[in-house]
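The values are calculated or read from the model by the stated rules, or taken from the named source; none is laboratory data. Keep in mind that what you see is a predicted model, and the values were worked out from it rather than measured. Note: ideal-geometry Cβ built from the backbone for every residue, glycine included; neighbour counts use all protein chains shown. With ligands, DNA and RNA removed, areas are computed over all heavy atoms of the protein, side chains included. Shrake-Rupley method; radii C 1.70, N 1.55, O 1.52, S 1.80 Å.
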Amino acid sequence: EWPTAVVGQFDAEFLDLPPEVATMEMESHQRYFPVRKSAQSADLMPYFITISNGDPAKAAIIAEGNARVIRARLSDGKFFFDADRAVPLEDFVTKLETVTFEERLGSMAAKVQRIEAIAARIADQHGVEAATRQHIQRAAHLCKADLVSQMVGEFPELQGVMGQTYASHSGEPEAVATAIFEHYLPQVAHDLLPQTLVGQAVGLADRLDTLVSIFSLGEKPSGSSDPFALRRAANAVVNIIWAAGVPLNLLALLQEVVADAVANPGVPITDAEPLLGQLRDFFLQRVQ
């Protein structure tokens, strides 16, 4: 009835957290507005704005109460962040065995292995130099590692963001760290496409694996039902190749990926031709 903006403050030490973490704590948990140094900057200031329905004369008391709450939230975030960084990002990869990608397709660790194989196919088609190939393979290997981190466990929306941060902290090359974030692009909250060749290759490999694997289960989209977001995945493949001018023969790549899937006991495909025809038609619809 009487909304009043109240400015609160938190300890400056929490600015050492990645801005995305502090922002998520404020917005997701508390519905606070974070305060940035400028409209163009991602750097935060140690303040927040909340909306009170109380007496404006009591704003200072209201601000202090809210500050105590956000300090506790940010302390939790700092604990997760410090605990995750205590080990190299590589150490999280083996834990992906405990995360299910899809019940009939096995774990995220199995998916990562398929992503690595597809990324190698893309590198072959692209004819990349040796150093770039190494970055592509390394980024493919680490691209899902942050899914088992404590921070992403708390905030799934930060997948990729934390992978990039932890990769940099672990001493991975900048191209690898950037690609871990970029391979999720574009997303619902991010229309930006991956800008680096490494990020494009890993992003394409991830989506092609999802499309081939889920189509192999007979779970192609129908009507408005698309529980695995396969239309969005195929649109992303087309958009990345188109916008970046990636020199790929998509049909030839699909043939190779389907052939690899047929040889993979973890993917239930017995006949490649019908599956390849379905995928070809599906991509033609996306192009149209």
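Listed values, structure above:
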{"item": "Helix-only [θ]222 nm of the chain, DSSP H runs n ≥ 4, -39500 (n - 2.57) each, per residue, nearest 500", "result": "-17000 deg cm²/dmol"}
{"item": "Cα→Cβ-extended label distance, 7 Å offset, between Glu90 and Ala60, nm", "result": "5.5"}
{"item": "Sites Ala243 and Asp124, calculated FRET efficiency, Cβ-Cβ separation with R0 30 Å, nearest 0.05", "result": "0.85"}
{"item": "Label corresponding to percent of Cα pairs over 26 Å apart when calculated from the structure given, among [x] 64; [y] 51; [z] 42", "result": "[y]"}
{"item": "Cα-based shape type of region 197-288, given that a ≥ b ≥ c are square roots of the gyration tensor eigenvalues and the cut on a/c is 1.5", "result": "oblate"}
{"item": "Rounded FRET efficiency, nearest 0.05, which uses the C-beta distance separating Glu102 from Leu251 and R0 of 22 Å", "result": "0.30"}
{"item": "Rounded, prolate or oblate (a/c below 1.5 giving rounded, otherwise prolate when a/b exceeds b/c) for region 88-221 by Cα gyration tensor", "result": "rounded"}
{"item": "Between 0 and 90°, nearest 10: helix 59-85 axis offset from the chain longest Cα axis", "result": "40"}
{"item": "Solvent-accessible surface (1.4 angstrom probe) belonging to Lys58, in square angstrom, nearest 10", "result": "110"}
{"item": "Centre separation in Å (Cα based) which lies between region 186-259 and region 115-172", "result": "16"}
{"item": "Solvent-accessible surface (1.4 angstrom probe) belonging to Tyr47, in square angstrom, nearest 10", "result": "80"}
{"item": "Between helix 197-216 and the chain: long-axis angle, C-alpha atoms, 0 to 90°, nearest 10", "result": "70"}
{"item": "Two-site FRET efficiency, Asp281 against Leu192, from Cβ-Cβ distance with R₀ of 25 Å, rounded to 0.05", "result": "0.30"}
{"item": "Sequence-distant lysines (8 or more away, or on other chains) whose Cα lies within less than 25 Å of Lys37", "result": "Lys78"}
{"item": "Accessible area in square angstrom per residue, region 151-275, 1.4 angstrom probe", "result": "44"}
